[in-house]
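Read through the structure below, which is laid out as structure tokens, and then see the notes.
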Amino acid sequence: MIYIGIDDTDSKEGMCTTYLGTLLISRLQEEGFDLIGHPRLVRLNPNIPWKTRGNGAICLRVGRGSGKRFWVGGDRYAYAASNGNGNVDGAVEIVQELVERWSRFGDASTNPGFVVFELESRPP
């Protein structure tokens, strides 16, 4: 399974990391990746003074879905399990392209970042 984490793509003026997540899901599915499980909102400390807006990151799991698919919103579906990873380098390229395109780099308090990694089993 491929894990994707994204944070700090927004600014006090606009954009939203979770919105970027919806764009990313759409693009990944267009490129043949299946969403595995629900997208995850990682809630960070809301009280820190240097946060941009909602202070939430996202985590997506993608790969080749197996089993019955289920609806996650809009016209998007996910699978409970994965039976293969797909092209991790392709996932990195897609994530990088969208983060660079949609992030608010002009805001001094915005510091976008992402991580993409493969695991054969769930993390402990």
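The values are calculated or read from the model by the stated rules, or taken from the named source; none is laboratory data. A quick note: this is a predicted structure, and the numbers were derived from the prediction, not measured. Note that we place each Cβ from the backbone using ideal geometry, even for glycine, and neighbour counts take in every protein chain shown. In case anyone asks, the SASA skips ligands and DNA or RNA and just uses the protein heavy atoms, side chains included. Shrake-Rupley method; radii C 1.70, N 1.55, O 1.52, S 1.80 Å.
Check 75, 107 and return the single one that is without any contact (Cβ under 8 Å) to a residue 40 or more places away in the chain, open to solvent by 20 Å² or more (accessible area, probe 1.4 Å) and more than 10 Å from residue 34 (Cα to Cα).
From the options 75, 107, the qualifying one is 75.
Check whether at least one residue in segment 90-102 is in a loop (DSSP other than H, G, I, E, B) and open to solvent by 40 Å² or more (accessible area, probe 1.4 Å), and report yes or no.
Within segment 90-102 (the criterion being in a loop (DSSP other than H, G, I, E, B) and open to solvent by 40 Å² or more (accessible area, probe 1.4 Å)), the answer is no, since none of the residues qualifies.
Quick one: what pairs do we get from segment 7-33, first residue closer than 15 Å to residue 99 by Cβ and open to solvent by less than 50 Å² (accessible area, probe 1.4 Å), second among the acidic types (Asp, Glu) and modelled with pLDDT of 85 or more, C-beta under 8 Å, 6+ apart or different chains?
Listed by first residue and then by second, the contacts come to 17/7.
Scan segment 1-54 residue by residue and report those that are at pLDDT 85 or above, assigned to a loop (DSSP other than H, G, I, E, B) and more than 15 Å from residue 72 (Cβ to Cβ).
Correct list: 1, 31, 32.
Regarding residue 37, is this residue more than 11 Å from the chain's Cα centre (by Cα) and open to solvent by less than 20 Å² (accessible area, probe 1.4 Å)?
Taking the combined requirement at face value, the residue satisfies it.
Taking segment 65-84, which residues are of a type in the set (Lys, Arg) and closer than 23 Å to residue 19 by Cα?
Passing the criteria: 69, 76.
More than 20 Å from residue 1 (Cβ to Cβ) and of a type in the set (Lys, Arg) - does that describe any residue in segment 96-114?
yes
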